[in-house]
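Where a number appears in this text, it was derived from the coordinates with a stated rule and is not lab data. On a predicted model such as this, the values are computed, not experimentally measured, just so you know. Glycine gets a Cβ as well: all are built from the backbone with ideal geometry, and neighbour counts include every protein chain shown.
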Amino acid sequence: MSGITQPFISELEHEAKSTRRVLERVPADKLDWQPHPKSMKLGQLALHVANLPGAFARMGRLESFDASQANFTPPMPQSVDDLVPALETGVADARSFLSELDEKSAFAPWRFMHGERELMTLPRLGLVRTLMFNHMYHHRGQLVVYLRLLDVPVPSVYGPSADENPFANAPVV
C-alpha cells in the first residue's frame with residue numbers, strides 16, 4: 001500500500017460507518033417510494049449509494065471509462081437485506097483498489113469519455129475524490145432527506161441529527 005492513499009482509505013472506512021447507519025434505516029416496505037416523479041425510487045437510491053465505492057473502484061482500474069456504453073439507471077434491490085452487504089463488498093473493493101495505487105498510478109491521468117469525446121481528464125486520485133467520495137456523499141445526503149420525508153429517524157452522520165445525538169452521553173473531558 002502506498003502512503004499516498006492511506007488518508008483516502010481512512011476516509012473510506014470512516015464514511016462507510018455513517019453510510020451503513022443510513023442504509024440500515026431504509027424501510028423495507030418503502031423501496032418503491034419516490035418523492036417526485038423525476039427522483040429515483042428509495043430502493044434505487046439506497047442501492048446506488050451502497051454500490052458507489054465498488055463501481056468507482058472498478059472504473060478506477062481502467063485507463064478511461066466510456067459513458068456511452070453504460071446504463072446509468074440504478075437497479076432496485078430485491079430487499080433491504082441487499083443494501084449493507086452491497087456496501088461492504090464495495091468498500092472492500094475500493095480499499096483494495098486504493099491499496100494497489102502507488103504514487104505513479106495515483107496521479108496518472110484517468111479519462112471520462114462519451115464515445116470519442118473526452119468529458120474530463122483528472123488524476124486517478126481525482127476520480128476517487130470527485131466521483132467515488134463526493135458523489136457518494138451527495139447521494140447519501142439525498143437518502144437522508146428521503147428518510148426524513150418518510151418520518152424515519154435520521155441517524156447522525158457528521159454530528160447530531162434531530163433524532164440522534166452521539167454527544168448526549170459523551171463523558172466530559
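Express the Stokes-Einstein translational diffusion coefficient of the chain in µm² s⁻¹, to the nearest whole number, given a Kirkwood radius over alpha-carbon pairs, 4 °C and a viscosity of 1.567 mPa s. Here the translational diffusion coefficient equals 75 µm²/s. Between the listed residues PHE65, VAL84, VAL144, the Cα displaced farthest toward the positive end of the dipole of region 3-149, a dipole computed from Cβ unit charges relative to the Cα centre, is found at VAL144. Taking label positions 7 Å along the Cα-Cβ direction at both GLN34 and ALA70, the computed distance is 2.0 nm, reported to one decimal.
Restricting the GluC sites (Glu not before Pro) of region 113-173 to loop positions (DSSP other than H, G, I, E, B) with no more than 10 neighbouring Cβ atoms within 10 Å leaves GLU116.
With K and R counted +1 and D and E -1, the other residues having a Cβ less than 12 Å from that of PHE97 yield a net charge of +2. Computed packing ranks the peptides 18-24, 79-85 as 18-24, 79-85, most packed first, by mean other Cβ atoms within 10 Å.
The C-alpha atoms of the chain define a longest principal axis, and helix 42-60 lies at about 30 degrees to it. The charge dipole of the chain, taken about its Cα centre with unit charges on the Cβ of Lys, Arg, Asp and Glu (plus for the first two, minus for the last two), comes to roughly 280 debye.
Where both bridge residues fall in the chain, DSSP classifies roughly 65% of the beta bridges as antiparallel.
If you take all other residues with their beta carbon under 12 Å from the beta carbon of ASN134, and give Lys and Arg +1 and Asp and Glu -1, the sum is 0. For a straight C-alpha distance cut-off of 22 angstrom, the lysines reachable from LYS41 (same-chain residues fewer than eight places away being disregarded) are LYS30. Secondary-structure-derived ellipticity at 222 nm for the chain, considering helices only, amounts to -14500 deg cm²/dmol, per-run term -39500 (n - 2.57) for DSSP H runs with n ≥ 4. Across region 1-128, Cα pairs under 8 Å and at least six residues apart give a relative contact order of 33 percent.
Suppose R0 equals 25 Å; then what is the FRET efficiency for ARG148 and THR89 from their Cβ-Cβ distance, rounded to the nearest 0.05? For ARG148 and THR89, the calculated efficiency is 0.35. Near the amide H of TRP110, within less than 5 Å, lie the amide hydrogens of LEU122, ARG124, all on another chain or at least 5 residues away, with H placed in the peptide plane. Sparsely packed loop sites in region 50-101 (the chymotrypsin sites (Phe, Trp or Tyr not before Pro) outside DSSP H, G, I, E and B with at most 15 other Cβ atoms within 10 Å) comprise PHE72.
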